[in-house]
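First up is the structure itself, then whatever we jot down about it.
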């Protein structure tokens, strides 16, 4: 496993903020800097009320229709947007790809993907019923190409995806919830084609270490899980964004 520091050119703040949240989402895009402050305030307040902290964390995995679900959706969409766009571009999508995204949320990654190319197939796994339903509606400017297959089952088992058919898998701020992680990696390895890649984008510095639903909260724990499963060549890149608060760790695993 190699550890690299990647400083490839990333979108500017102006470019990031020009990409709207899909009209299917019940909120609108707010500058990432504002969202970052809101996230810090929300986490600080949750520390004062343990039950609130637990509920907010649970909604980070699968937002509900209540106030905490709305807050979690809002925070995830705005804080994750720069990372999601960067990850899609970093994976160099092509028209021959069979693409899989875990936890697409409001569909920012799908928007970024379809604006680059229309892959041979696109599948998303979204455990939040709220998001899964919203993803059925295409943004107006992408209605001609918006054709993802939406799965709502847990990614631990993906029986509808044939073995060795997926070329690229992306998951932004999702790995923390995959428990036990080796079981998920085993299934992802099954569906990946030879030389297929999975990219986990992580912000470990923003994740709670106080237990469920956050489980894989360190780079070391994720690498250990990959090692236990085997069959992957893993590299780690510390990705420097234009604004440091949006830096993230990219864990890219290639099936061998």
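Quick rundown of the values:
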quantity	calculated
The stretch 136-194: Cα Rg divided by the 2.2 N^0.38 Å rule of thumb	1.32
Cα-Cα pairs of the stretch 196-256 separated by more than 16 Å (percent)	49
Ranked by how many other beta carbons lie within 10 Å on average, peptides 171-182, 148-159 from highest	171-182, 148-159
The stretch 145-230 pair-distance distribution - Cα-Cα, 10 Å bins, rounded %	16, 48, 29, 7, 0
Using distinct alpha-carbon pairs, which all enter the 1/r mean, Kirkwood radius of the stretch 107-256 in Å	16.5
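Every read-out reported here was derived from the displayed coordinates using simple, explicitly stated rules and does not represent laboratory data. Remember, it's a predicted structure, so these values are computed and weren't measured experimentally. A quick note on method: Cβ atoms are made from the backbone with ideal geometry, for glycine too, and the neighbour counts reach across all protein chains shown.
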